[in-house]
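**Student:** The following block contains the structure, expressed as structure tokens.
None of the figures in this text is laboratory data; all of them are computed from the coordinates on show. Source: prediction; values computed, not measured. Don't worry about glycine lacking a Cβ; one is built from the backbone with ideal geometry, like all the others, and counts go over all protein chains shown.
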Amino acid sequence: MWLEPPDLVCVVAGGDVAPEELRSTILLEGAVGRACGRVFLLVDMSGMGIMESDARKMVRHAVDIPFRGIAVYGAGFKARVLVKMLAAALQLFSPGVAKFLSFFSTEEEARRWLFAQRALVDAEHARVVSA
């Protein structure tokens, strides 16, 4: 996991996902959200194994993170179902988050979409500020 300043958190889900790993990611996302007012998330799921039950329960700690784009690439069928399930759970407490989730085949496609999302958010912010 790493940060590409100012607001892009990048995660590689390699192997099984333990609660400690997800907790670290959520802490970074929260810090970025507090600093920037938004978070864009790029997730490589091509090497993901299983996600432990306790790790799935960690999603409740992400409800206050201001996600504005979540791009997942390399996800197989099971991983897609899991991410959609977690997004649906998060949606209960953070309405609107599901509209910021998209799946892609490649990192390039995912990054292109995230940069377009960032441009939309910037344009909306500029419109509101100038109004």
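**Student:** Which ones in segment 93-108 are under 15 Å from Leu8 (Cα atoms) and either charged (D, E, K, R) or in a helix (DSSP H, G or I) (or both)?
**Tutor:** Phe100, Glu107, Glu108
**Student:** Follow-up. Please pick out the residue among Asp64, Asp122 that is in contact with a Ser or Thr (Cβ under 8 Å, 6 or more places away or on another chain), loosely packed, with under 15 Cβ neighbours inside 10 Å and within 21 Å of Pro6 (Cα to Cα).
**Tutor:** Just a single option satisfies the conditions, and that option is Asp64.
**Student:** If you don't mind, another one. Scanning for something out of contact with any strand residue (DSSP E or B) (no Cβ under 9 Å at 6 or more places or on another chain) and in contact (Cβ under 8 Å) with a residue 12 or more places away in the chain, does segment 90-112 turn up at least one residue?
**Tutor:** For segment 90-112, residues out of contact with any strand residue (DSSP E or B) (no Cβ under 9 Å at 6 or more places or on another chain) and in contact (Cβ under 8 Å) with a residue 12 or more places away in the chain: present.
**Student:** Can you say whether Glu52 is of a type in the set (Asp, Glu) and over 21 Å from Met85 (Cα atoms), as far as the supplied structure shows?
**Tutor:** Considered against the rule, which asks whether it is of a type in the set (Asp, Glu) and over 21 Å from Met85 (Cα atoms), Glu52 comes out as no.
**Student:** Given the options Ala126, Ala87, Ala71, name the one that is outside any helix (DSSP H, G or I) and not aromatic (Phe, Trp, Tyr).
**Tutor:** Among Ala126, Ala87, Ala71, only Ala71 is outside any helix (DSSP H, G or I) and not aromatic (Phe, Trp, Tyr).
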